[in-house]
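A short write-up of the structure that comes next.
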Amino acid sequence: MRKAKTPPPCILFGALSGDVFALERLLHFYDPYINRLSTLSVYDCNGELVTAYVDDDRKQIISVAFIRGVRSFAGLVARAKI
């Protein structure tokens, strides 16, 4: 079975309403993409790939930025309802 391209609406709306569990599920859903963005490649002097690894510091920075983005978007949605 293929993985969905977007998270279920209940997770999205839960994260936007401030549910911590839903926000964790949203982070878990996007974890493969965040890992891909956090991957660093190490090359030797000949330009050949030696290794690739997930930089934990970079992953944490991206995850925090993602959470801040969700929260600021939730604030925009809340102000638009008024």
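The values are calculated or read from the model by the stated rules, or taken from the named source; none is laboratory data. From a predicted model like this one, the values you see are computed outputs, not experimental measurements. Heads up, the Cβs are rebuilt from the backbone with ideal geometry, glycines too, and the neighbour counts pull from every protein chain shown.
Summary table
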| quantity | calculated |
| --- | --- |
| Hits in region 44-72 (condition: of a type in the set (G, A, S) and outside any loop (DSSP other than H, G, I, E, B)) | A52, S63, A65, G69, S72 |
| Region 31-43, subset assigned to a helix (DSSP H, G or I) and among the polar types (S, T, N, Q), residue surrounded by the fewest Cβ atoms within 10 Å (Cβ to Cβ) | N35 |
| Residue in region 48-60 that is of a type in the set (S, T, N, Q) and modelled with pLDDT of 95 or more present | yes |
| A22 within 25 Å of R79 (Cβ to Cβ), in contact (Cβ under 8 Å) with a residue 24 or more places away in the chain and surrounded by 12 or more Cβ atoms within 10 Å (Cβ to Cβ) | no |
| Region 19-52, residues that are in contact with a Lys or Arg (Cβ under 8 Å, 6 or more places away or on another chain) and within 13 Å of I67 (Cα to Cα) | I34 |
| Residue within region 44-60 that is without any contact (Cβ under 8 Å) to a residue 40 or more places away in the chain, within 18 Å of A22 (Cβ to Cβ) and surrounded by 13 or more Cβ atoms within 10 Å (Cβ to Cβ) present | no |
| Test set (1) exposed (fewer than 14 other Cβ atoms within 10 Å of the Cβ); (2) assigned to a loop (DSSP other than H, G, I, E, B) - V77 fails condition number | (2) |
| Selection count where residues are free of Cβ contacts under 8 Å to residues at least 40 places away in the same chain and outside any loop (DSSP other than H, G, I, E, B), scope region 1-17 | 6 |
| Qualifying residue in region 18-30 (condition: in a loop (DSSP other than H, G, I, E, B) and not charged (D, E, K, R)) | yes |
| Top-ranked residue in region 61-74 [being among the small types (G, A, S) and surrounded by 12 or more Cβ atoms within 10 Å (Cβ to Cβ); ranked as modelled with the lowest pLDDT] | A74 |
